[in-house]
Amino acid sequence: MALDQVVTKTDDTWIVAGRTFSSRLIVGTGKYKDYAQNAAAARASGAEIVTVAVRRVNLTDPNQPMLMDYVKQDEFTYLPNTAGCFTGEDAVRTLRLAREAGGWNLVKLEVLSDPKTLYPDMEETLRSLKLLVKDGFDVMVYCSDDPVYAKKLEEAGAVAIMPLGAPIGSGLGIQNKVTLRIIIENAKVPVLVDAGVGTASDAAVGMELGCDAILMNTAIAEAKDPIRMAVAMKHAVIAGREAYLAGRMPKKLYADPSSPLAGLI
Amino acid sequence: MYRVKPTSTSRTSVKRREKWPKWAEKRRKMVKILLNGESREVGAANILALIEEIGIEARKLAVEQNLEIVPRSQYHETAISEGDRIEIVHFVGGG
């Protein structure tokens, strides 16, 4: 790669459902101290897409702060999720409301099983995906790291496959490099690591595996300084991506001197 | 249909009603609905009036009536009937 390309490396974009993005970091908007901090962190991360949830309006206090007044839709693409849905019908209902509130089709499907692991229920996820695709949605799917299910999701029309790197909100880092790599190799749609990242190096590891982007929430929101961590994640994702594109050196079992052996005095 | 402007607090809706002219009061029939899972008596005759009664900007919402989405363009012509199950949602932070 020529140096001038490095300086202006704006051509490294990724496409999901026909939409082109240059940031490979998607951030969640949950768990922040307030929406102002949330918006500042989202800006600092350089993310172009933010995930959002759909919930009932608080009728007793309709004047409490609203997400849309801070994390603005002219600044970020909203990716509505189905958090809290346990069936396909719940997911379709939630995302139809999201489509009406926001007017777009790109959505994140997550159908979870038990509250302790928040592990995705893949059978129900696949069924939900089919319902949503039939309803005209472009669906990015949170899923387990099972390469067989990943393939089935793709065949059912998922616009992106988003396997977990570790349980949601755990911050354990990427625990499943082998299965993620297989999913990435097999997929023709973008693959994103969604969940599991705890710190910047985890994001870099994910990107070095060759995934198209990373989705995270808690790693930024629950850092002592969320805005600073957002900056760290931005750099980590870029670093991991560049390292992947550069191609790492082969691993060796023993040392290999960097200084020439010839010409020693 | 007589409508009031949304004010900063929804709690004032009772006070506002007192100021309504007699002819409007006569037309106004309270109906019992299930709004966001809570049983409520509302005076609003349609979805637009209901949103104004609550005091939220319509552009930030989505509304479902008896499991059917109500498009924003139809808020004013969508009548509210006794026993309706209405959900009013918006976007909140999430991962």
Worksheet item: Stretched out fully, how many nm does the piece from A:ALA243 to A:GLU185 gain, at 0.36 nm a residue minus the Cα gap?
Response: 19.2 nm
Worksheet item: Out of residues 5 or more away from A:ASP145 or on other chains, whose amide H comes under 5 Å of its own, with H placed 1.01 Å from N in the peptide plane?
Response: A:LEU164
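Per Stokes-Einstein, at 25 °C and 0.890 mPa s, what whole-number D in µm² s⁻¹ belongs to the range A:1-126, with the Kirkwood radius over Cα pairs as the hydrodynamic radius?
Working: Rh = 16.6 Å.
D = 148 µm²/s.
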Worksheet item: What is the calculated FRET efficiency for A:GLU155 to A:ILE265, with r their C-beta to C-beta distance and R₀ = 51 Å, to the nearest 0.05?
Response: 0.20
Worksheet, complete the sentence: Residues whose built amide H sits under 5 Å from the amide H of B:ASN36, excluding neighbours closer than 5 in sequence, are B:ILE86, B:GLU87, B:ILE88
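Where does chain A land at 222 nm, in deg cm²/dmol rounded to the nearest 500, when only DSSP H runs of n ≥ 4 count, each adding -39500 (n - 2.57), divided by all residues? Walk me through the numbers before you get to the answer.
On the way: 10 runs with 101 residues, N = 265.
Theoretical 222 nm ellipticity from helices: -11000 deg cm²/dmol.
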Item to complete: Would you calculate the separation in nanometres between label points at A:GLN64 and A:ARG228, each defined as 7 Å from the Cα along the Cα-to-beta-carbon direction?
Response: 3.0
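Under the definition of partner shielding as Cβ atoms of other protein chains within 10 Å of a residue Cβ, what is the mean value for peptide A:96-102?
That average works out to 6.
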Item to complete: Would you give the gap between the C-alpha center of the range A:6-61 and the C-alpha center of the range A:212-262, rounded to a whole Å?
Response: 21
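In the protein assembly as shown, what percentage of the DSSP-assigned beta bridges are antiparallel, given to the nearest 5?
Values: 22 of 46 bridges.
Just about 50 percent of them are antiparallel.
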Item to complete: Could you work out how far helix A:122-134 tilts from the main Cα principal axis of chain A, as a 0 to 90 degree angle to the nearest 10?
Response: 70
Item to complete: Return the tail of the calculated pair distribution for the range A:193-241, meaning the percent of Cα-Cα pairs more than 18 Å apart.
Response: 17
Worksheet, complete the sentence: Rounded to the nearest 10, the angle in degrees between the Cα long axis of helix A:177-186 and the longest principal axis of the Cα atoms of chain A comes to 80
Worksheet, complete the sentence: Rounded to the nearest 10, the angle in degrees between the Cα long axis of helix A:88-102 and the longest principal axis of the Cα atoms of chain A comes to 90
Practice prompt. Quick one: what are the phi-derived ³J(HN,Hα) couplings along the range B:79-93, Karplus 6.51/-1.76/1.60 with θ = phi - 60°, whole Hz, x for glycine and proline?
Written response: 6, 9, 10, 3, x, 4, 9, 10, 10, 10, 10, 8, 8, 10, x
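Strictly greater than 22 Å: what percent of every Cα pair in the range A:178-264 meets that? Walk me through the numbers before you get to the answer.
Working: 1489 of 3741 pairs.
Value for the range A:178-264: 40 percent of Cα pairs lie more than 22 Å apart.
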Worksheet item: Is there a simple number for the mean count of other chain Cβ atoms within 10 Å of the Cβ of residues in A:65-77, and what is it?
Response: 2
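Just to confirm the filter: which trypsin sites (Lys or Arg not before Pro) across the range A:101-161 are DSSP coil and have at most 10 other Cβ within 10 angstrom of their Cβ?
Here the sparse-neighbourhood loop sites are A:LYS116.
What's the average, rounded to a whole number, of partner chain beta-carbon atoms within 10 Å of each residue's beta-carbon in A:20-30? Could the numbers behind the result be given before it?
On the way: counts 0, 0, 0, 0, 0, 0, 1, 1, 3, 5, 4.
Mean shielding count: 1.
All of the numbers you see were taken from the coordinates with simple rules; none came from a lab. Everything quoted here is computed from the prediction, not taken from an experiment. Note: ideal-geometry Cβ built from the backbone for every residue, glycine included; neighbour counts use all protein chains shown.
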